[in-house]
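No lab work stands behind these numbers, since they all come straight from the coordinates. This structure is a prediction, so every number in the text was calculated from the model and none was measured. Here Cβ is always computed from backbone atoms with ideal geometry, including for glycine, and neighbour counts include all displayed protein chains.
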């Protein structure tokens, strides 16, 4: 599972893509994915907000994530 | 005394300047001038509003008008 | 100059940002009024604008200065046309720039609303079979 | 097309009226956001914008379509930059046109407010001795 990273998320991870592989229990929902990410990189827990996009739509925590989905971490937006 | 005319005021009078001369009692205030104008051209009484500018400022009815003043009839404005 | 006031025969909408941009401004709001093809269900063919220019400039200066007192603005523009205008032609352009967007939005709305109330400019509508001085009669 | 959405490396403010003008519109309202030289009393040297472009376009389309449902609009534009921008550079341009001015003012304000809330674009501020991703931390 590849996760696209933008803005401060890219700085926190140090890459522009975060790859999750070989896990015994890979995250199956957006909520599980958020927990996984915060455990891996605690600095995500310090952000004002943390959203996940699935197939370029904002996704709520109960949404399932599948291998073929385009997944992205959306740190607090600041356009305009 | 010459009075500048704009918009519908010009159409009502049929000129772009209204000249008042040779009156026994020429209007001495803006209020008197308005009465004079409406008596001369009753169509001014049918407008939504009738304002007078003295030296290119809106003038209230009690303001004196003098011979050297630049006086204009301001029918309802509709810019923009 | 903080304030740019003009009566023109043709409005140049392309210069709005250049006129309003400022190093201390994070926001610019511009309103452009234009000739639309219908009014109160009647087809409009053109508009003709006449101004008492000296007084119109003075009134616009008063409005712009009042806006500078009401809001923290870095730049204000008010441009109005005179002459005959066709459908889609711009006829008025007002705008303001400020550090934050609340001020420029509110000021821009104030500029156009107050211009329409006070500035001695008159608009004649051309319909197929008649012409009308707008707002003249109740 | 009623809606014009773009992510660009440079915003062309001169085309706003051309994009928004419409024969049934009497009013056009445009908001342009720009780089200002100070934020929270610190001198800003530049901004750098990054976008999740595919999703940003989709979100802007949703916002523009919501505006079309809320108000009677003839045209809507939403342009946003990516890349490094200097003081006074425009970074976002949104606008709407409508028969009467209430609708275009309200819609324009909605477009920029909602863009700032939802559209996945991130702004890094360059100060003399540090860089900051805006709004990241409480």
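Comment: the Cα-to-Cβ extended label point of residue D:129, at 7 Å, lies 8.0 nm from its counterparts in the other copies, nearest first.
Chain B residue nearest the rotation axis toward A, with distance: B:80, 14 (Cβ to axis, whole Å).
Reducing region D:42-82 and region C:2-69 to their Cα centroids gives an inter-centroid distance of 26 Å. Build a GNM of chain D with springs between Cα atoms under 10 Å apart, and of D:46, D:107, D:96 the one that fluctuates most is D:46. Where in region D:97-128 does the amide nitrogen come within less than 17 Å of the point 7 Å from the Cα of residue D:84, taken along Cα to Cβ? Answer for region D:97-128: D:123-128. The rule of thumb for compact globular proteins, 2.2 N^0.38 Å, goes into the C-alpha radius of gyration of chain A 1.01 times.
Each part gets one Cα centre, and for region A:29-80 versus region B:26-80 those centres are 69 Å apart. For region B:2-74, the relative contact order comes to 38 percent (Cα pairs under 8 Å, sequence separation of at least 6). Label-to-label distances for residue D:6 across copies, nearest first, come out at 2.3 nm, using points 7 Å from Cα in the beta-carbon direction.
For D:21, B:48, D:98, the sequence from fewest to most other C-beta atoms within 10 Å is B:48, D:21, D:98.
What's the angle, to the nearest 10 degrees (0 to 90), between helix A:30-40's Cα axis and the longest principal axis of chain A? The two axes meet at around 70 degrees.
Of all the options D:87, D:32, D:57, the one that moves most in a Gaussian network model of chain D with Cα springs shorter than 10 angstrom is D:87. In this assembly of identical copies, the label point of residue D:53 (Cα plus 7 Å along Cα-to-Cβ) is separated from its counterparts by 5.0 nm, sorted shortest first.
Give me D:105, A:44 sorted ascending by neighbouring Cβ count inside 10 Å, so fewest comes first. Could you put the intermediate results ahead of the total?
Working: D:105 24, A:44 18.
Arranged by neighbour count, lowest to highest, D:105, A:44 become A:44, D:105.
Between region D:83-135 and region C:100-122, how many Å separate their Cα centres? Value for the Cα centre distance between the two parts: 22 Å.
So how much slack lies between residue C:37 and residue C:62, counting 0.36 nm per residue of separation and subtracting their Cα-Cα distance, in nm? Please report the intermediate quantities before stating the final value.
Values: separation 25, 0.36 × 25 = 9.00 nm, distance 3.18 nm.
Once the chain is fully extended between residue C:37 and residue C:62, it gains 5.8 nm.
Orientation-averaged projection of the protein assembly as shown equals 25.1 nm² [convex hull of Cα atoms, one quarter of hull surface area].
Set the Förster distance to 45 Å, then compute FRET efficiency between residue D:3 and residue D:45 from the Cβ-Cβ distance, nearest 0.05. Mind showing how you got there, number by number?
Working: r = 35 Å, r/R0 = 0.77.
So, using R0 = 45 Å, E works out to roughly 0.85.
Inverting the pair-averaged 1/r between distinct Cα atoms of region A:25-69 gives 10.9 Å as its Kirkwood hydrodynamic radius.
Taking chain B as a Gaussian network, Cα atoms linked when under 10 Å apart, which of B:23, B:15, B:70 shows the biggest mean-square fluctuation? Fluctuation is largest for B:23.
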